[in-house]
Amino acid sequence: MAILPILEVPDPRLKTISTPVESFDADLKKLVDDMFETMREYAGIGLAGPQVHEGLRLFVAGVSAGVLPDALSDAADMPFVTLINPEVTFVGPPDKTGWEGCLSIPDMRGLVPRAAEIRVQAYDRTGKPLAFGASGLPARVIQHETDHLDGVLFFDRMASLDTLT
Ligand code: NI
């Protein structure tokens, strides 16, 4: 395993749209392992492909070694997940404001509106389809990481940059 360098703003590669993962092969498994190691090294709660120079639609996230349940709601219990080619559907409007930070935007945080509840469809690292619901901080993390795959950073979502600190 290896710790990967993390791109930081204003690197233009953070603003590009990533391409879908097509092969669930040994290279993908190694990338996922390295992304988990990198996320832990920098004490992140999520890390997306474009942040580590891989313009691929995947991210790793989570804080504990649990098993993915049908629904995620508690940040403290958010199991480590690998979500590949994720599709997020909002349940209700994106109007719940909360603080976010990002490993690619060092030392900054801001208040970002997100959907309080979402449905997620994705594949795991073996190519198995996943479908589950999420609310609370896990829903926020998944929306933040999925945004990275479309070149969207959290301050792009902020209603006002006044809270950027
Ligand atoms: Ni981020």
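The values are calculated or read from the model by the stated rules, or taken from the named source; none is laboratory data. It should be emphasised that the depicted structure is a prediction, and the values quoted were computed from it without experimental measurement. Glycine also receives a Cβ, built like all others from the backbone with ideal geometry; neighbour counts cover every protein chain displayed. SASA here: full protein model, heavy atoms, side chains in, ligands and nucleic acids out. Shrake-Rupley method; radii C 1.70, N 1.55, O 1.52, S 1.80 Å.
Answer yes or no as to whether Asp70 is modelled with pLDDT under 90 and more than 25 Å from Lys29 (Cβ to Cβ). Yes; evaluated as a whole, the condition is true for this residue. Scanning region 142-165 for residues that are within 16 Å of the ligand (Cβ to nearest atom), closer than 15 Å to Pro113 by Cβ and assigned to a loop (DSSP other than H, G, I, E, B) returns Val152, Leu153, Met158, Leu164. Residues in region 112-136 that are away from the ligand (no atom under 16 Å from the Cβ), part of a strand (DSSP E or B) and closer than 18 Å to Gln51 by Cβ: 1 in all.
Within region 83-111, the set of residues being away from the ligand (no atom under 16 Å from the Cβ) and part of a strand (DSSP E or B) comprises Ile84, Asn85, Glu87, Thr89, Phe90, Val91, Lys96, Thr97. Scoring Ala48 on the criteria (1) more than 16 Å from the ligand (Cβ to nearest atom); (2) surrounded by 13 or more Cβ atoms within 10 Å (Cβ to Cβ); (3) closer than 21 Å to Asp150 by Cβ; (4) not β-branched (Val, Ile, Thr) leaves a single failure, condition (1).
Taking region 74-97 as the range and being open to solvent by less than 60 Å² (accessible area, probe 1.4 Å) and either modelled with pLDDT of 95 or more or aliphatic (A, V, I, L, M) (or both) as the test, the residues that pass are Ala75, Met78, Val81, Thr82, Leu83, Ile84, Asn85, Pro86, Val88. Out of His148, His144, one residue alone is open to solvent by less than 10 Å² (accessible area, probe 1.4 Å) and either out of contact with any Asp or Glu (no Cβ under 6 Å at 6 or more places or on another chain) or not aromatic (Phe, Trp, Tyr) (or both). It is His148.
Here Ala61 passes the criteria (1) closer than 19 Å to Phe154 by Cβ; (2) open to solvent by 70 Å² or more (accessible area, probe 1.4 Å); (3) within 15 Å of the ligand (Cβ to nearest atom) except the one numbered (2). From the list Thr38, Thr16, the one residue that fits, being of a type in the set (Ser, Thr, Tyr), touching a residue at least 24 places away in the same chain (Cβ under 8 Å) and closer than 21 Å to Arg125 by Cα, is Thr38. If the requirement is being assigned to a loop (DSSP other than H, G, I, E, B), open to solvent by 50 Å² or more (accessible area, probe 1.4 Å), of a type in the set (D, E, K, R) and at pLDDT below 95, which of these qualifies: Glu54, Glu22? Within the list Glu54, Glu22, the selection yields Glu54. Which residues, taken from region 142-165, are farther than 17 Å from Ile17 by Cα, touching a residue at least 40 places away in the same chain (Cβ under 8 Å) and out of contact with any helix residue (DSSP H, G or I) (no Cβ under 9 Å at 6 or more places or on another chain)? Once the filter is applied, which keeps residues that are farther than 17 Å from Ile17 by Cα, touching a residue at least 40 places away in the same chain (Cβ under 8 Å) and out of contact with any helix residue (DSSP H, G or I) (no Cβ under 9 Å at 6 or more places or on another chain), region 142-165 yields Met158, Ala159, Thr163, Thr165.
Among the numbered conditions (1) at pLDDT 95 or above; (2) within 16 Å of the ligand (Cβ to nearest atom); (3) touching a helix residue (DSSP H, G or I) at 6+ places or on another chain (Cβ under 9 Å), the only one that Ala139 does not meet is (3).
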